[in-house]
Amino acid sequence: MKDHSAVTCYRDAFLFCLILLLSVFLEPLLDVLNLWDVLFIPSIVLIALIYGYGVWWLWSQLKAEEGI
């Protein structure tokens with residue numbers, strides 16, 4: 001990766017994993033709390049934003065490595 005310190009790379013990887021874990025455990029948590037019907041649309045939007053961020057992060061890492 002160009003112009004990235006090791007700390008920044010580790011921080012980004014940690015945040016990415018944390019966000020993916022949040023998106024994976026969000027739906028079962030809403031089911032347990034019986035909030036799925038109330039929060040259906042906001043949770044779909046939140047999951048889409050989380051995965052969108054993940055795709056953007058991976059793409060930016062690939063661009064940085066390849067120098068696109």
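We did not get these values from a lab; they are worked out from the coordinates using the rules stated. Worth saying up front: this structure is predicted, and the values here are computed from it rather than measured. All Cβ positions, glycine included, derive from the backbone under ideal geometry; neighbour counts span all protein chains shown.
Observations on the model:
- For SER23, SER60, the sequence from fewest to most other C-beta atoms within 10 Å is SER60, SER23.
- Whole-Hz Karplus values for region 14-26 come out as 5, 5, 4, 5, 5, 5, 5, 4, 4, 5, 6, 8, 5 Hz, taken residue by residue from phi with 6.51 cos²θ - 1.76 cosθ + 1.60 and θ = phi - 60°; glycine and proline positions read x.
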